[in-house]
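A.B. asks: Below: one structure in structure tokens.
Read the figures in this text as sums done on the coordinates, not as results from a lab. Here the structure is a predicted model, which means the values were calculated and not measured. Virtual Cβ from ideal backbone geometry, glycine too; neighbours counted across all protein chains shown.
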Amino acid sequence: MKTLTLRTREDNARFFDDSLDKVPTHCITQGLGTIRRARHLVLVATGAAKADAVAGMVEGPVTSMCPASVLQLHRFATVVCDEAAAAKLAQADYYKQVAS
């Protein structure tokens, strides 16, 4: 169980009639160890707001500052994203070529 930050709650208020008071303060989440033990991972990211996170996860160093970067160490991880979410990938052309 984790406590949601104010920023996360504000970002998700749109799913709760734009009322911050209705947004939960806590959530249940999976740890990175559990995620790494999965046989196959699929991460889906859409929109420009995810571009920094996708670039950090795919091309950045494996670091606690970007928890999703641990997916770089997984044997079978598939990343599916739209053009906007992929906009900051330095090697985007390469990924398109090998995915074809």
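A.B. asks: Would you mind working out the magnitude of the charge dipole of region 33-100 relative to its Cα centre, with +1 at each Lys and Arg C-beta and -1 at each Asp and Glu C-beta, to the nearest 20 Debye?
C.D. replies: 380
A.B. asks: Once a ≥ b ≥ c are taken as the square roots of the eigenvalues of the Cα gyration tensor of region 17-89, is the result rounded (a/c under 1.5), prolate (a/b larger than b/c) or oblate (a/b not larger than b/c)?
C.D. replies: Oblate is the answer for region 17-89, as a/c is 1.5 or above yet b/c matches or exceeds a/b.
A.B. asks: If a/c stays under 1.5 just call it rounded; otherwise compare a/b with b/c (prolate if a/b is bigger, oblate if not). Do that for region 49-100, with a ≥ b ≥ c from the square roots of the Cα gyration tensor eigenvalues.
C.D. replies: Oblate.
A.B. asks: Which ordering of Cys27, Cys81 is given by a fewest-first count of other beta-carbon atoms within 10 Å?
C.D. replies: The order, fewest Cβ neighbours first, is Cys27, Cys81.
A.B. asks: For Lys88, list the aspartates and glutamates whose Cα falls under 17 Å from its own Cα; do not include residues on the same chain fewer than 8 positions away.
C.D. replies: The reachable aspartates and glutamates, counting only those whose Cα sits under 17 Å from Lys88, are Asp52, Glu59.
A.B. asks: Going by how many other Cβ atoms sit within 10 Å of their own, how do Phe16, Phe76 line up, fewest first?
C.D. replies: Taking fewest neighbouring Cβ atoms as first place, the list is Phe76, Phe16.
A.B. asks: Calculated from DSSP H runs of 4 or more alone, at -39500 (n - 2.57) each and per residue, what is the 222 nm mean residue ellipticity of the chain, nearest 500?
C.D. replies: -7500 deg cm²/dmol, from helical runs alone.
A.B. asks: Of His74, His40, how do they rank once you tally other Cβ atoms within 10 Å and put the fewest first?
C.D. replies: His40, His74
A.B. asks: What is the Cα centroid distance between region 72-100 and region 1-40, reported in whole angstrom?
C.D. replies: Value for the Cα centre distance between the two parts: 25 Å.
A.B. asks: Moving to a separate point now. What is the set of long-range amide H partners of Ala77 at a cut-off below 5 Å, with H atoms built 1.01 Å from backbone N?
C.D. replies: Amide H to amide H, under 5 Å and 5 or more residues apart or across chains, Ala77 pairs with Leu41.
A.B. asks: Enumerate the lysines that Lys22 could reach by cross-link, defined here as Cα to Cα under 24 Å, with residues fewer than 8 away along the same chain left out.
C.D. replies: Lys2
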